[in-house]
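Report on one structure; see the data block that follows.
The values are calculated or read from the model by the stated rules, or taken from the named source; none is laboratory data. This structure is a prediction, so every number in the text was calculated from the model and none was measured. Heads up, the Cβs are rebuilt from the backbone with ideal geometry, glycines too, and the neighbour counts pull from every protein chain shown. Areas reflect the complete protein model, heavy atoms only, side chains present, ligands, DNA and RNA absent. Shrake-Rupley method; radii C 1.70, N 1.55, O 1.52, S 1.80 Å.
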Amino acid sequence: MIDVAAATAAITSQGYVILPDVLSPELVHTLADTLDALRAEDVERFGKDYLYRIGQEGFVINVGDRGEPFERLLLERPVQRVVNELLGPGAFLYLFQGVIVPPGGGVGAYPWKWHCDLYHVALEVSDRTFLPGLNCLFYLDDVNERNGGTWIIPGTQGLKDDEIPCGNETFLQTAAFQVTASAGSVILLNPLLWHCAGANKTDKPRRAVKMLMVREWMLPQMDYSRSIRSEVLNRLDDGALCMIGAHARVPRTFEEMQSVSVQEH
């Protein structure tokens, strides 16, 4: 049982919280196997070199439409109470993808680098206490300093890149923290908190599923309500449909934007 009050307090104060045993061992195993198969499918279809060139090596996109285990995540919504508490019940997915840090991948290797998600928000919002979303990273492997556990810099949420000396090793040694967690755990991040995947020094991939939730008025990176096939949508309940943005009123096209403008005036 998740202590929602403690989790939201930690995210509000330090920018993140790590929750153990959120996913069952059975679901973790199934998600990991499915993610491996999808990555192999993408490499076969597009080629590893091409995926590397476009910065997508190690990422599996649109997983909500690519297997029953990911549908289960949409239906079970294991951290939904925390999401609701911080973002409201209308929050929905900005990004839903698999994240695989391959052997040799991680910080220092393209495309893995220090960053914050929703950086365009950091550029526009001066209030560092504002929480535009919640990055939910579900670990499918035990993570540690050997296989690329996530690095974070607590307290950096809302800072711009010229305010974070990520190239300064002395700064990182004192300010950065590397996550250690067991498979089935989740780290919930303020997306404006600076972080990166650690260097994977093992011969096995480090796998996770990323569900980046945003407030209901934000435009998602991918419109999952339209990219997911109808036969999959028909298996989802109302909560899952809300999570993929099916009920969101954010204009997705110029025509929809015109329609909203006409209705408001």
Over all directions, the chain yields a Cα convex hull whose mean projected area in nm² is 15.1
With R₀ set to 30 angstrom, the calculated FRET efficiency between the beta-carbons of Glu76 and Ser126, to the nearest 0.05, is 0.20
For Cα pairs less than 8 Å apart in space and 6+ apart in sequence, what is the mean separation divided by the residue count of the range 33-123, i.e. the relative contact order in percent? 31
Around Glu26: net Lys/Arg minus Asp/Glu count, Cβ-Cβ under 14 Å: -3
Where the Cα atoms of the range 163-216 are projected onto their three principal axes, how long is each span, largest first, in whole Å? 39, 33, 14
Sticking with the crude label model, points 7 Å out along Cα→Cβ, report the distance from Thr180 to Gln14 in nm, one decimal please. 1.4
Across the range 184-189, in residue order, what do the Karplus-derived ³J(HN,Hα) couplings come to in whole Hz, using 6.51 cos²θ - 1.76 cosθ + 1.60 with θ = phi - 60° and x for Gly and Pro? x, 7, 9, 10, 9, 10
Can you work out ³J(HN,Hα) from phi for every residue in the range 4-14, in order, using Karplus 6.51 cos²θ - 1.76 cosθ + 1.60 and θ = phi - 60°, giving whole Hz and x for Gly and Pro? 5, 4, 5, 5, 5, 5, 5, 5, 5, 8, 10
Counted charge near Asn234, where neighbours are those whose Cβ lies closer than 13 Å (Asp, Glu -1; Lys, Arg +1): -3
Where does each of 239-245, 8-14 land if you order them by average Cβ count within 10 Å, highest first? 239-245, 8-14
What is the sum of charges around Lys201, taking Lys and Arg as +1, Asp and Glu as -1, for the other residues whose C-beta is under 10 Å from the C-beta of Lys201? -1
Gain upon complete extension [Ile2, Ala37; 0.36 nm per residue less C-alpha separation]: 9.5 nm
Which value, in Å², gives the accessible area per residue of the chain when a 1.4 Å probe is used on the protein heavy atoms? 49
Using packing as a proxy for protection, rank 34-44, 55-65 so that the peptide with the highest average count of other Cβ atoms within 10 Å comes first. 55-65, 34-44
Measuring from label point to label point, each 7 Å out along Cα→Cβ, what is the Asp49 to Arg235 span in nm? 3.7
When all Cα-Cα pair distances of the range 74-213 are considered, the percent exceeding 18 Å is 56
Counting each DSSP H run of 4 or more residues in the chain as -39500 (n - 2.57), what helix-only mean residue ellipticity at 222 nm follows after dividing by all residues, to the nearest 500 deg cm²/dmol? -10000 deg cm²/dmol
Under the rule of at least 5 residues apart or a separate chain, name every residue whose amide H is placed under 5 Å from the amide H of Tyr94. Leu212, Met213, Val214
Using θ = phi - 60° and the Karplus curve 6.51 cos²θ - 1.76 cosθ + 1.60, what whole-Hz ³J(HN,Hα) does each residue of the range 29-44 get, with Gly and Pro shown as x? 4, 5, 4, 5, 4, 5, 5, 4, 5, 5, 5, 4, 5, 5, 5, 5
Per the 1.4 Å probe, what fraction of the accessible area of the chain, in percent, lies on carbon and sulfur atoms? 53
